[in-house]
Amino acid sequence: MATLELQNLRKQFAPNVIPVKDISITVHDGEFLTLLGPSGCGKSTLLRLIAGLEQATKGQILVGGNPVTSFSPGDRNMAMVFQSYALYPHMTVAENIAASLKIRKTPTPEIQTRVATVAEKLGLSHLRDRKPGQLSGGQRQRVALARALVRNPEVFLLDEPLSNLDALLREQVREELKQIFSEQNKPVVYVTHDQTEAMTLSSKVAVLLDGLVQQLDPPARIYTHPANKFVAGFVGSPQMNLWSLNCEAGAAICGDYRIPLPALSEPPSAIDLGIRPEDVRLVNEGETPTVEGKVVLTENFGREQLVSVQIAGSSEKVRALIPPEQSWDAEKVGLVFEVQKQHWFDAQTGARLVAE
């Protein structure tokens, strides 16, 4: 068993090019950490630092309490699954799975046993004699996973392994990944820009932007209590409604409407309000709406409708997820924002504001 520790890890290519800025994260046995963020946020560079494919400018990487920062990739006892699969086209499935063991001069009987075991686990036994060109994308991805699992490493690293698969296959392989790694009880670090993968696979998610960790928490916590405006807007589909509003006498002004502020120690003059579309509902009869407006767009997803409403007296729109059977007056619809689901952020720093 091993714990992966990153201590003040930094990578600097030039004075103004610093993709990883003093990041400290610990991944325990059995934890699945996803590095999530937009392109250029530093997540792939951080993974390459862990793997030893890039050398850190500063900081330490420890596995099981032992420093491996100066070790070559082959000496870190980590297995990496790449986006491109990186299979040998001239080798069979069995030979691809066994390649790393042969390089390490593992005895032949042990290689045969390990390959047979992992091939059975991943449903590859009947494909052992085929070459990569004869396999589907999902099958190739399983071979790449098998090659990592057969090594029995201390840490697993995965770099956007599902990005080349179509949507239906990606969902299937995602389920398989979750089951496979839950049985390994090893630290897993997974890189993706797909928030669905992050939310469904992870025990912890590190949301990155500009080389810094914006939030490190379980997926549910990141969704319900985003640490700042960036996390709030990045995580969630459909995207969270976010507005920059002026404040006046304990309320935020949104078009013709006043939305009561929570009790804050230092009420700001300007504030950002966020609320997820699923936390906006149609007003009930006799109830006071939070805002009203005109429906300008409806998107039918089958199990729900995404309704976009132009707020009266404002250029802002609000999107609400409405049950498919509900109807409304398109010219004037009233909406209610669930008070406990409203998110408030500092307009200048973007930091989450907490009520007293």
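The values are calculated or read from the model by the stated rules, or taken from the named source; none is laboratory data. These numbers were taken from a predicted model, which means no experiment stands behind them. Counting neighbours? That spans all protein chains shown, and the Cβs are built from the backbone with ideal geometry, glycine included.
A compact table of results
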quantity	calculated
Members of the range 87-122 that are touching a Leu at 6+ places or on another chain (Cβ under 8 Å) and surrounded by fewer than 11 Cβ atoms within 10 Å (Cβ to Cβ)	Glu110
One residue from Pro218, Pro268, Pro260 being of a type outside the set (A, V, I, L, M, F, W, C) and under 16 Å from the mean Cα position of the chain (by Cα)	Pro218
Any chance Gly334 is at positive phi and either under 32 Å from the mean Cα position of the chain (by Cα) or not polar (S, T, N, Q) (or both)	no
Residue selected from the range 157-196 under the condition under 22 Å from Gly64 (Cα atoms) and among the hydroxyl-bearing types (Ser, Thr, Tyr), by the criterion farthest from the chain's Cα centre (by Cα)	Ser182
Residue match in the range 141-154 (condition: surrounded by fewer than 15 Cβ atoms within 10 Å (Cβ to Cβ) and within 29 Å of the chain's Cα centre (by Cα))	yes
Residues (aliphatic (A, V, I, L, M), surrounded by 17 or more Cβ atoms within 10 Å (Cβ to Cβ) and closer than 13 Å to Gly274 by Cα) located in the range 311-346	Val318, Ala320
Complete set of residues in the range 38-55 that are in contact with a Leu (Cβ under 7 Å, 6 or more places away or on another chain) and crowded, with 20+ Cβ neighbours inside 10 Å	Cys41, Gly42, Lys43, Leu46, Leu47, Leu49, Ile50
Unique residue being modelled with pLDDT of 90 or more, closer than 30 Å to Lys229 by Cβ and either hydroxyl-bearing (Ser, Thr, Tyr) or not assigned by TED's automatic domain parsing to the domain that holds Ala146 (or both) when the list is Thr57, Thr69	Thr57
Criterion: touching a residue at least 60 places away in the same chain (Cβ under 8 Å), outside any strand (DSSP E or B) and not basic (Lys, Arg) - qualifying residue of Pro289, Pro268	Pro268
Residue under evaluation Glu331, criteria (1) within 13 Å of Trp243 (Cβ to Cβ); (2) of a type in the set (Asp, Glu); (3) part of a loop (DSSP other than H, G, I, E, B), criterion not met	(1)
Residue that is surrounded by the most Cβ atoms within 10 Å (Cβ to Cβ) [pool: residues in the range 10-30 that are among the β-branched types (Val, Ile, Thr) and part of a strand (DSSP E or B)]	Val20
Positions within the range 163-192 being under 16 Å from Val205 (Cβ atoms) and either of a type in the set (Val, Ile, Thr) or part of a loop (DSSP other than H, G, I, E, B) (or both), in sequence order	Pro187, Val188, Val189, Val191, Thr192
Cβ-Cβ under 9 Å pairs, at least 6 apart or on other chains, the range 122-148 side in the same structural domain as Ala94 (by TED's automatic domain parsing) and farther than 17 Å from Arg174 by Cβ, far side hydroxyl-bearing (Ser, Thr, Tyr) and assigned to a helix (DSSP H, G or I)	Arg147/Ser100
Filtered residues of the range 89-111 (kept if under 19 Å from Ala79 (Cα atoms), of a type in the set (S, T, N, Q) and over 34 Å from the mean Cα position of the chain (by Cα))	Thr106
Search result, residues across the range 240-271 that are at pLDDT below 95 and in contact with a helix residue (DSSP H, G or I) (Cβ under 9 Å, 6 or more places away or on another chain)	Pro260, Pro262
Given (1) among the polar types (S, T, N, Q); (2) within 29 Å of Gln179 (Cα to Cα); (3) assigned to a strand (DSSP E or B), number of the condition Gln60 does not satisfy	(2)
Check on Arg142, basic (Lys, Arg) and over 17 Å from Leu177 (Cα atoms)	no
Some residue of the range 81-91 being in contact with a strand residue (DSSP E or B) (Cβ under 8 Å, 6 or more places away or on another chain) and of a type in the set (A, V, I, L, M, F, W, C)	yes
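Listed here are the residues, each with its yes/no results for (1) outside any strand (DSSP E or B); (2) not assigned by TED's automatic domain parsing to the domain that holds Phe156.
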{"residue": "Leu208", "(1), (2)": "no, no"}
{"residue": "Leu245", "(1), (2)": "no, yes"}
{"residue": "Arg258", "(1), (2)": "no, yes"}
{"residue": "Ala263", "(1), (2)": "yes, yes"}
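Yes/no matrix, rows are residues, columns are (1) surrounded by fewer than 23 Cβ atoms within 10 Å (Cβ to Cβ); (2) more than 21 Å from Ile259 (Cα to Cα); (3) free of Cβ contacts under 8 Å to residues at least 12 places away in the same chain:
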residue: Leu208; (1), (2), (3): no, yes, no
residue: Leu212; (1), (2), (3): yes, yes, no
residue: His225; (1), (2), (3): yes, no, no
residue: Ser237; (1), (2), (3): yes, yes, no
